[in-house]
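Data block below; observations after.
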Amino acid sequence: MKVLVTGSSGLIGSEAVRYFDAKADVVYGIDNNMRADFFGPDGDTSWTLGSLRDSCENFEHRDLDIRDRAAMLRVIADTTPDLIIHCAAQPSHDLAKSRPFDDFDVNAVGTLNLLEATRLHAPEAVFILMSTNKVYGDAPNELPLAELPTRFDYARPEDYEGIGESLRIDRSTHSLFGCSKLAGDVMAQEYGKYFGLKTGIFRGGCLTGPFHSAVPLHGFLAYMARVALTGGTYNVIGYKGKQVRDQIHSEDVVRAFEAFYRDPRPGEVYNLGGGRGNAASLLELLDRFGQLAGRPIPHTYQEINRVGDHICYMTDLRKFRSHYPDWELSFSLDDIVDDVFQTLRKLRPAAAMAG
């Protein structure tokens, strides 16, 4: 079995490399550390690449840019992978507005480059796209909400399980990031439905884990952990800090990818997150990290919310579970918070102190 992972030094990409290193004959990683260009030194993923090289026996790294069409055609032709996990992205809701061409070229054009290279040179491969729940724009905010002391929640019983795949993807405000990811998302669906490629599209909620090069503009849970470790101040943006996100550990994400690989459904779309059981507001997570740090986490408040941001987002996992009943979440919210905090303290002391 040969696996190719794009964005292999990122959160989900590096988790996929580690996971499949023990299962595959070879895992090819594609990453050019563009996250450092997007986010500066705190976004640098070279520490993750070093960790992968030290710990993985079957890993081969290739410093390539997915925007380079000729390079993507060559690498797929040369490696002919059985499984392609496409995680490389410009991941920031906020950054996209100041770098719209880079955002679209990476998220939309880069995805097309890989899909076409797969169609031409590895048509039997399973192709997994790490998409995002931002493809729904702010349509989730139209659901009636109840305001509770520390969080918002869905007001109607029929919304209890959260956001399903039937929610519309247009006629809402997405952010430019949401638009570029939606373009790649729909293109991956089309390569499955039109050409018959074994594409699977996973619309992630808050994906997290200890190997996240987190920054204020992306990866809030790991960034919050770093703030807790360094005694810094966390900036809460909008919604009184009561906005809710459901957390899913990167290992559970990759296990879902493996389930799809074993029984692919071409062009299928799945929402993937932690669900109601792993949901928490910013205020609640600040309190949890404060308990781990042994002191309250100071925070400031910016009243104006980010454009297109979700007030309450919990992932309805029923579709994926119905297709893959053997998959289940293995990390609870407490497990995730503890893992991120303790691992960051152990593995990135210099980066944590720099925060």
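The values are calculated or read from the model by the stated rules, or taken from the named source; none is laboratory data. Only a predicted model underlies this, so the values are computations on that prediction, with no experimental measurement involved. Positions of Cβ are backbone-derived with ideal geometry, glycine not excepted, and every protein chain shown enters the neighbour counts.
Things worth noting here:
- Filter result for residue 43 (modelled with pLDDT under 90 and under 22 Å from the mean Cα position of the chain (by Cα)): yes
- Hey, residue 91 closer than 21 Å to residue 222 by Cβ and either of a type outside the set (Ser, Thr, Tyr) or under 19 Å from the mean Cα position of the chain (by Cα) (or both) or not: yes
- Selection within segment 164-212: residues that are over 23 Å from residue 9 (Cβ atoms) and small (Gly, Ala, Ser). The member of this set that is nearest to the chain's Cα centre (by Cα) is 178.
- In the condition set (1) assigned to a helix (DSSP H, G or I); (2) at pLDDT 95 or above; (3) within 16 Å of the chain's Cα centre (by Cα), residue 85 is compliant with all but (1).
- Scanning segment 288-331 for residues that are outside any loop (DSSP other than H, G, I, E, B), under 17 Å from residue 246 (Cβ atoms), out of contact with any helix residue (DSSP H, G or I) (no Cβ under 6 Å at 6 or more places or on another chain) and in contact (Cβ under 8 Å) with a residue 12 or more places away in the chain gives 312, 315, 318, 319, 320.
- Residues satisfying the stated conditions in segment 206-233, i.e. assigned to a loop (DSSP other than H, G, I, E, B) and at pLDDT 90 or above: 231, 232, 233
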